[in-house]
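Chemist: I'd like to ask some things about the structure below.
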Amino acid sequence: MSGMTLATISHVYAGRKVLDTVSLVIRPGEMVALVGPSGSGKSTLASIAAGIVKPTKGRILRQYRQHAMVFQQARLLPWANARENIAFPLMLNGLRKREALEKAESVAEKVALLPEDFDKMPGELSGGMRARVAIARALGVAPDFLIFDEPFAALDPALRRRLQDLVLSLGQDRAFGGMFITHDLAEAARLADHIAVLDRQGKGVLGTLTPPGQRGHRSDVDIFDFVQQSLYGDPLLSDLVHVDERAMPLDLVGDAGLGPRRCC
Amino acid sequence: MPGYMGFEGRINALRRGPVRERLVEWREMAPILALDGVKRFGPPMLGLGLFLATWQAGHVAYGAFILPSPVQTLQAAFGVLTTSEGWIVLGATVARVVAALAISLLIGGFFGLLAGYSNFGRAMFAPVATILLGIPATAWVILTMIWFGPSHGAILFTISVVTGPMLYIGMVDAVLTRDRRLEEMAAAFGASRWAQFSRVALRQIIATLAPVFGIALALGFKVAIMSELVSNVAGIGAALARSRAHMDIDMALAYVVLAVMGLLVIEHGLIRPMQRRVGAWKRVSG
């Protein structure tokens with residue numbers, strides 16, 4: 001069992017209602033992408049799911065053994081090298097430093113980090129490497145529920161694609177389910193089983209869309225068709241979900257010869 | 001020949017490898033290292049040289065009674081260091097500064113932590129800190145003399161009350177400027193509040209506070225000497241007062257030199273290495 005149920009979650013921050021009775025069910029082993037415009041409360045919902053933020057109202061049913069989170073900016077400890085960063089949650093969970101570092105090395109290899117990078121400080125790592133360390137740090141605790149909060153948003157499209165492949169390969173055996181927050185609808189369609197759309201004022205999940213095919217095996221054309229039909233075939237969604245051309249992979253926008261605003 | 005690397009990098013590179021190769025490399029690198037050394041140490045040595053030359057010129061112009069030469073002063077300072085009494089005088093001042101700074105750090109640091117983590121505490125302590133910081137150190141010296149008389153405790157109090165608010169402000173700043181996202185990250189992995197503080201926040205707080213501690217140390221030394229001078233309680237300040245009473249300008253300057261050297265030794269032997277150690281990651285992460 002590795003699912004989660006968020007029931008009628010509301011959250012007020014600095015006098016502003018960020019989330020208003022949002023409900024979402026993530027079934028065991030399922031990866032649900034959460035999309036929505038900026039300010040719709042996606043990251044807040046992820047923080048609530050991760051237990052960082054306590055919601056003002058609502059109930060959360062957690063049906064997993066261990067969760068972990070991958071953040072947008074890797075959030076690596078700047079005084080620790082790559083290996084120590086990966087070992088950090090393991091030490092938090094009570095593992096001795098030596099054992100934690102040994103385990104960190106084996107996890108680092110899974111995300112294709114090279115041994116010569118183990119001793120590098122975060123400032124010496126590239127953006128892609130930092131993202132890999134963040135993923136390894138999350139995988140280190142052997143989670144069965146993973147929360148990704150726009151982990152690749154700041155990376156270039158080619159690198160983003162490689163890291164998406166990495167996430168797909170790591171989740172191939174359905175060892176973990178979870179939540180993937182992204183602005184990029186193609187990324188959502190590629191990595192998730194279902195896509196939940198959050199409305200502009202965090203007033204709730206508008207609906208859950210299910211892209212055709214299996215995650216990781218959808219072609220770019222499928223993804224684009226899905227995005228196009230889901231968003232622009234439904235006037236409600238097209239009105240509420242803002243799609244930025246820059247958030248779409250360039251090849252998709254270019255191949256189709258149309259941008260989201262010119263569509264339908 | 002290796003590509004560009006810093007002074008330490010070159011030295012470390014030369015320390016590795018077989019002896020013969022190292023000797024050859026040393027010979028090749030010697031002129032480059034010498035140039036590095038000149039670039040690194042030249043300007044400060046020039047500044048120090050100019051200062052000593054000006055001092056010597058003052059000595060020549062006004063005579064040894066008004067201004068002893070640098071050599072005379074160093075001889076007198078060396079004389080102090082060869083006696084156990086001299087070491088007791090220096091030790092008394094250093095011990096007071098260390099003890100008082102520990103008290104300041106404990107009290108100022110504690111209230112700084114409270115204020116850093118609580119808006120209410122910050123708002124409550126802000127005017128108190130402003131008032132305490134606004135009172136001149138000399139005023140504290142006089143006030144504590146009146147309140148407690150010339151005593152060891154009075155000097156400790158004076159140093160603590162002058163440096164405490166500074167460490168308080170430094171602590172508040174350190175708490176407020178820490179990267180809270182790292183604590184969120186730790187929380188996402190199940191870290192308790194205490195673990196978030198001790199394993200993530202404290203490291204950042206210490207790194208930000210370390211330079212403030214260095215400044216507090218220098219200020220503490222000055223206040224200690226001033227307090228000892230006024231209260232005539234054993235220490236560098238009291239020794240200066242005695243030298244003034246005996247019109248012993250050599251000894252007075254010797255103690256000034258020893259005070260400055262003591263501060264430099266503590267700063268460069270203890271504080272700076274500590275700052276480098278706790279703040280190294282800040283330089284790497286840019």
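The values are calculated or read from the model by the stated rules, or taken from the named source; none is laboratory data. These numbers were taken from a predicted model, which means no experiment stands behind them. We place every Cβ from the backbone using ideal geometry, glycine too, and count neighbours over all the protein chains shown. For the accessible areas, the whole protein counts, side chains as well, though only heavy atoms, and no ligand, DNA or RNA atoms are used. Shrake-Rupley method; radii C 1.70, N 1.55, O 1.52, S 1.80 Å.
Chemist: With the checklist (1) touching a residue at least 40 places away in the same chain (Cβ under 8 Å); (2) within 14 Å of chain B (Cβ to nearest Cβ); (3) part of a loop (DSSP other than H, G, I, E, B) in hand, flag the one item A:Met69 doesn't pass.
Modeler: (3) is the only condition that A:Met69 fails.
Chemist: Out of the residues in the range A:8-33 that are of a type in the set (D, E, K, R) and within 14 Å of A:Met179 (Cβ to Cβ), which is most open to solvent (accessible area, probe 1.4 Å)?
Modeler: By that ranking, first place goes to A:Arg27.
Chemist: Just one of (1) assigned by TED's automatic domain parsing to the domain that holds A:His183; (2) open to solvent by 10 Å² or more (accessible area, probe 1.4 Å) trips up A:Gly36, so point out which.
Modeler: (2)
Chemist: If I filter the range A:47-66 down to residues being among the hydrophobic types (A, V, I, L, M, F, W, C) and more than 9 Å from chain B (Cβ to nearest Cβ), which single residue comes out as farthest from A:Thr5 (Cα to Cα)? If you could, list the steps in order and put the result at the bottom.
Modeler: The initial filter retains those residues of the range A:47-66 that are among the hydrophobic types (A, V, I, L, M, F, W, C), namely A:48-50, A:52-53, A:60-61.
If we keep only those that are more than 9 Å from chain B (Cβ to nearest Cβ) too, we end up with A:48-49, A:60-61.
Numbers: A:Ile48: 12, A:Ala49: 9, A:Ile60: 6, A:Leu61: 5 Å.
The extreme case among them is A:Ile48.
Chemist: Could you check the range A:116-135 and list, in sequence order, the residues that are in contact (Cβ under 8 Å) with a residue 40 or more places away in the chain and within 9 Å of A:Asn81 (Cβ to Cβ)? Before you say what the answer is, go through the steps one by one.
Modeler: Filtering the range A:116-135 down to residues in contact (Cβ under 8 Å) with a residue 40 or more places away in the chain leaves A:121-123, A:125, A:129-131, A:133-135.
Selection gives A:Met121, A:Pro122.
Chemist: Have a look at B:Ala123, B:Ala137, B:Ala115, B:Ala129 and point out the one that is farther than 30 Å from A:Ala74 by Cβ, more than 14 Å from every other protein chain (Cβ to nearest Cβ) and open to solvent by 60 Å² or more (accessible area, probe 1.4 Å).
Modeler: Details: B:Ala137 fails: open to solvent by 60 Å² or more (accessible area, probe 1.4 Å); B:Ala115 fails: open to solvent by 60 Å² or more (accessible area, probe 1.4 Å); B:Ala129 fails: open to solvent by 60 Å² or more (accessible area, probe 1.4 Å).
Result: B:Ala123 is the single residue among B:Ala123, B:Ala137, B:Ala115, B:Ala129 that is farther than 30 Å from A:Ala74 by Cβ, more than 14 Å from every other protein chain (Cβ to nearest Cβ) and open to solvent by 60 Å² or more (accessible area, probe 1.4 Å).
Chemist: Let me ask another. Given the conditions (1) in contact with a helix residue (DSSP H, G or I) (Cβ under 9 Å, 6 or more places away or on another chain); (2) open to solvent by less than 50 Å² (accessible area, probe 1.4 Å); (3) within 14 Å of chain B (Cβ to nearest Cβ), and given that A:Pro143 satisfies all but one, which numbered condition is not satisfied?
Modeler: Evaluating A:Pro143 over (1) in contact with a helix residue (DSSP H, G or I) (Cβ under 9 Å, 6 or more places away or on another chain); (2) open to solvent by less than 50 Å² (accessible area, probe 1.4 Å); (3) within 14 Å of chain B (Cβ to nearest Cβ) leaves (1) as the failure.
Chemist: Take the conditions touching a Leu at 6+ places or on another chain (Cβ under 8 Å) and either modelled with pLDDT of 90 or more or open to solvent by 60 Å² or more (accessible area, probe 1.4 Å) (or both) and apply them to B:Arg22. Does it pass?
Modeler: Details: touching a Leu at 6+ places or on another chain (Cβ under 8 Å): yes; either modelled with pLDDT of 90 or more or open to solvent by 60 Å² or more (accessible area, probe 1.4 Å) (or both): yes.
So B:Arg22 fits the description; yes.
Chemist: Based on this model, can you work out whether A:Glu30 counts as away from chain B (no Cβ under 14 Å), out of contact with any helix residue (DSSP H, G or I) (no Cβ under 8 Å at 6 or more places or on another chain) and touching a residue at least 12 places away in the same chain (Cβ under 8 Å)? Step through it out loud before you land on a result.
Modeler: Working: away from chain B (no Cβ under 14 Å): yes; out of contact with any helix residue (DSSP H, G or I) (no Cβ under 8 Å at 6 or more places or on another chain): yes; touching a residue at least 12 places away in the same chain (Cβ under 8 Å): yes.
Yes, satisfied.
Chemist: Suppose we keep only residues that are hydrophobic (A, V, I, L, M, F, W, C) and outside any helix (DSSP H, G or I) within the range B:229-268. Which one would you say is farthest from B:Ala92 (Cα to Cα)? Write out each step before concluding.
Modeler: At the first step, the residues of the range B:229-268 found to be hydrophobic (A, V, I, L, M, F, W, C) are B:229-230, B:233-234, B:236, B:238-241, B:245, B:247, B:249, B:251-254, B:256-261, B:263-266.
Those left that are additionally outside any helix (DSSP H, G or I): B:233-234, B:247.
Values: B:Val233: 9, B:Ala234: 7, B:Met247: 23 Å.
The selected residue is B:Met247.
Chemist: If only one of B:Phe78, B:Phe110, B:Phe65, B:Phe148 is under 22 Å from the mean Cα position of the chain (by Cα), over 19 Å from B:Phe221 (Cα atoms) and open to solvent by 60 Å² or more (accessible area, probe 1.4 Å), which one is it? Even if it seems obvious, please write down each step before you answer.
Modeler: Numbers: B:Phe78 fails: under 22 Å from the mean Cα position of the chain (by Cα); B:Phe65 fails: under 22 Å from the mean Cα position of the chain (by Cα); B:Phe148 fails: under 22 Å from the mean Cα position of the chain (by Cα).
Checking each option against the conditions leaves just B:Phe110.
Chemist: Which ranges mark the strands (runs of 3 or more DSSP E) fully within the range A:97-204 that have 3 or more residues being touching a Pro at 6+ places or on another chain (Cβ under 9 Å)? Spell out the reasoning first.
Modeler: Values: elements: A:145-149, A:177-181, A:194-198.
Hits in the range A:97-204: A:177-181, A:194-198.
Chemist: Among the residues of the range A:2-50, which ones are on the phi > 0 side of the Ramachandran plot and in a strand (DSSP E or B)?
Modeler: Result: A:Thr8, A:Thr21.
Chemist: Something else now. Restricting the search to the range B:223-268, which residues are of a type in the set (D, E, K, R) and without any contact (Cβ under 8 Å) to a residue 12 or more places away in the chain?
Modeler: Those that are of a type in the set (D, E, K, R) and without any contact (Cβ under 8 Å) to a residue 12 or more places away in the chain: B:Arg242, B:Arg244, B:Asp248.
Chemist: Sticking with this one: B:Val162: away from every other protein chain (no Cβ under 13 Å) and in a helix (DSSP H, G or I), yes or no? Steps first, please.
Modeler: Values: away from every other protein chain (no Cβ under 13 Å): yes; in a helix (DSSP H, G or I): yes.
Yes: the conditions hold for B:Val162.
Chemist: Taking only the range B:218-240 into account, find how many residues are in contact with a Leu (Cβ under 6 Å, 6 or more places away or on another chain) and surrounded by 20 or more Cβ atoms within 10 Å (Cβ to Cβ).
Modeler: 4
Chemist: Does at least one position in the range A:82-94 carry a residue that is under 28 Å from B:Gly279 (Cβ atoms), more than 12 Å from chain B (Cβ to nearest Cβ), more than 20 Å from the chain's Cα centre (by Cα) and open to solvent by less than 10 Å² (accessible area, probe 1.4 Å)? Before the answer, list the steps.
Modeler: So the first thing to find is which residues in the range A:82-94 are under 28 Å from B:Gly279 (Cβ atoms), and the list is A:82-92.
Checking which are more than 12 Å from chain B (Cβ to nearest Cβ) leaves us with A:82-83.
Within this subset, residues satisfying the condition of being more than 20 Å from the chain's Cα centre (by Cα) are A:82-83.
Filter once more, keeping what is open to solvent by less than 10 Å² (accessible area, probe 1.4 Å): A:82.
Scanning the range A:82-94, I find at least one residue that is under 28 Å from B:Gly279 (Cβ atoms), more than 12 Å from chain B (Cβ to nearest Cβ), more than 20 Å from the chain's Cα centre (by Cα) and open to solvent by less than 10 Å² (accessible area, probe 1.4 Å), so the answer is yes.
Chemist: Based on what the data block shows, is B:Arg277 modelled with pLDDT under 85, farther than 22 Å from B:Pro70 by Cα, within 13 Å of chain A (Cβ to nearest Cβ) and open to solvent by 40 Å² or more (accessible area, probe 1.4 Å)?
Modeler: Numbers: modelled with pLDDT under 85: yes; farther than 22 Å from B:Pro70 by Cα: yes; within 13 Å of chain A (Cβ to nearest Cβ): yes; open to solvent by 40 Å² or more (accessible area, probe 1.4 Å): yes.
Yes; evaluated as a whole, the condition is true for this residue.
Chemist: Mind listing whichever residues of the range B:183-198 are assigned to a helix (DSSP H, G or I), within 7 Å of chain A (Cβ to nearest Cβ) and open to solvent by 10 Å² or more (accessible area, probe 1.4 Å)?
Modeler: The answer is B:Glu184, B:Ala187, B:Ala195.
Chemist: Exactly one of these conditions fails for B:Val257: (1) of a type in the set (Val, Ile, Thr); (2) in contact with a Gly (Cβ under 8 Å, 6 or more places away or on another chain); (3) under 25 Å from B:Val71 (Cα atoms). Give me its number.
Modeler: (2)
Chemist: Specify the residue that is most open to solvent (accessible area, probe 1.4 Å); the eligible residues are those in the range A:49-61 that are without any contact (Cβ under 8 Å) to a residue 60 or more places away in the chain and in contact with a strand residue (DSSP E or B) (Cβ under 6 Å, 6 or more places away or on another chain). Can you show your working first?
Modeler: Start the filter on the range A:49-61 by keeping residues that are without any contact (Cβ under 8 Å) to a residue 60 or more places away in the chain, which leaves A:51-61.
Subset that is in contact with a strand residue (DSSP E or B) (Cβ under 6 Å, 6 or more places away or on another chain): A:55-61.
Working: A:Pro55: 27, A:Thr56: 83, A:Lys57: 138, A:Gly58: 40, A:Arg59: 177, A:Ile60: 50, A:Leu61: 96 Å².
In this case the residue turns out to be A:Arg59.
Chemist: Would you mind finding the one in B:Glu85, B:Glu21 that is in a helix (DSSP H, G or I) and farther than 30 Å from B:Gly214 by Cβ?
Modeler: Numbers: B:Glu85 fails: farther than 30 Å from B:Gly214 by Cβ.
Only one candidate passes the filter, namely B:Glu21.
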